[in-house]
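Below is one structure; the comments refer to it alone.
Each value in this text was obtained by applying a stated rule to the coordinates, not by laboratory testing. Since this is a predicted model, take the numbers as computed values, not measurements. Cβ sites come from the backbone with ideal geometry, for glycine too, and all protein chains shown count toward neighbours.
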Amino acid sequence: MFTGLIQDLGSITRISPKGGKREISIQTSKMQYNLKTGDSIACNGICLTVISFDANQITVEAMNETIQKTTLGSWSIRQKIHLERAMMLSDRLDGHIVQGHVDCTSPLISKKTIHDTLYLTFHLDTLFQHLVVAQGSVAINGVSLTVAAKKSDSFEVSLISHTLNHTHFTSLKTGDLVNLEFDIIGKYVQNMLTKNTAATYMNEKWLKDNEY
């Protein structure tokens with residue numbers, strides 16, 4: 001479990017195919033405190049397992065399913081990667097609940113700067129329209145961001161200077177793909193409304209009768 005607050009901006013130093021999997025080494029000096037093999041680290045929003053590390057870098061492993069469903073398959077040497085350790089239960093939840101389970105990838109449609117604030121607009125597939133709400137949360141490449149505006153086929157986020165200084169968003173170009181993870185609470189609610197028999201007749205009367 002993560003919060004979407006980036007702790008380091010790493011750089012890929014090695015990508016090694018291992019059958020249908022890949023091992024990826026990322027230069028960093030901020031992830032190693034109390035780290036052990038088997039721990040989870042969010043890399044550009046993807047929850048990956050640490051298989052080895054030293055004082056200068058970590059190495060994570062990605063299976064074929066992850067490669068196919070995220071941007072990981074197009075990663076390259078020297079690419080900057082957002083890094084976040086799994087949260088402790090005693091930590092503040094300053095972002096929102098992020099699992100590191102990417103729902104889809106999406107291209108950047110446009111970027112603009114207004115009064116030192118960067119606005120990024122991403123494509124929104126019709127399959128996920130119901131999971132995005134204005135002023136709600138979304139994780140983009142692992143970063144917890146607030147939806148500033150939503151249209152039928154796109155949504156916009158705005159980035160403050162602190163976020164810009166600690167992420168790679170300023171280097172994104174139109175057409176670049178990012179990893180999207182939608183709010184887990186919204187996904188559970190949607191699942192209950194569409195799959196649960198009781199939820200199919202949930203209305204105001206049902207809520208009152210069941211003392212909600």
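Could you check the spin-label model distance between Thr146 and Lys18? Points 7 Å from the Cα along Cα→Cβ, value in nm.
Between Thr146 and Lys18, the label points sit 4.1 nm apart.
Can you pull out the trypsin sites (Lys or Arg not before Pro) in the range 89-118 whose DSSP state is coil and whose Cβ has at most 15 other Cβ atoms within 10 Å?
Numbers: sites: Arg92, Lys111, Lys112; in loops: Arg92.
Those that pass, being in a loop and sparsely packed, are Arg92.
With labels modelled as points extended 7 Å from the Cα through the Cβ direction, what inter-label distance (nm, one decimal) is found for Met1 paired with Lys69?
Label at Met1, label at Lys69, 2.0 nm between them.
Using only DSSP helix segments of four residues or longer, with each worth -39500 (n - 2.57), what per-residue ellipticity at 222 nm results for the chain after dividing by its residue count and rounding to 500?
-3500 deg cm²/dmol
Based on the alpha-carbon gyration tensor of the range 104-192 and its eigenvalue square roots a ≥ b ≥ c, which shape applies: rounded if a/c is under 1.5, prolate if not and a/b is larger than b/c, or oblate?
Working: a/c = 1.83, a/b = 1.63, b/c = 1.12.
Prolate shape, in that a/c is at least 1.5 and a/b is the bigger ratio.
In the range 1-40, what trypsin sites (Lys or Arg not before Pro) fall in a loop by DSSP, with at most 15 other Cβ atoms inside 10 Å?
Passing both the DSSP loop test and the Cβ count: Lys30, Lys36.
To the nearest 0.05, how large is the calculated FRET efficiency for Asn203 and His162 if R₀ is 41 Å and r is the Cβ-Cβ distance?
0.40
What FRET efficiency do you get for Gln129 and Asn56 if R0 is 45 Å and r is their Cβ-Cβ distance, rounded to the nearest 0.05?
0.55
Determine which residues of the range 56-86 fall in the zone a paramagnetic label at Ser11 would reach in this model, i.e. backbone nitrogen under 12 Å from the point 7 Å along Cα→Cβ.
Flagged as within label range: 77-81.
Checking the a/c ratio against 1.5 first, then a/b against b/c, what shape does the Cα gyration tensor give for the range 28-74?
Prolate, because a/c is 1.5 or more and a/b exceeds b/c.
Could you compute how fast the chain diffuses translationally, taking Rh as the Kirkwood radius over C-alpha pairs and applying Stokes-Einstein at 25 °C with viscosity 0.890 mPa s? Give it in µm² per second.
Rounded to a whole number, D works out at 133 µm²/s.
Helix 184-195: angle to the longest alpha-carbon principal axis of the chain, degrees 0 to 90, nearest 10?
Tilt relative to the chain: about 50 degrees.
Assign unit charges at the C-beta atoms only (+1 for Lys and Arg, -1 for Asp and Glu), then state the dipole size of the range 51-188 relative to its Cα centre in Debye, rounded to the nearest 20.
In total the dipole reaches around 320 debye.
Calculate the spin-label point distance for Arg78 paired with Leu35, positioning each point 7 Å from the Cα along the beta-carbon direction, and give it in nanometres.
2.2 nm
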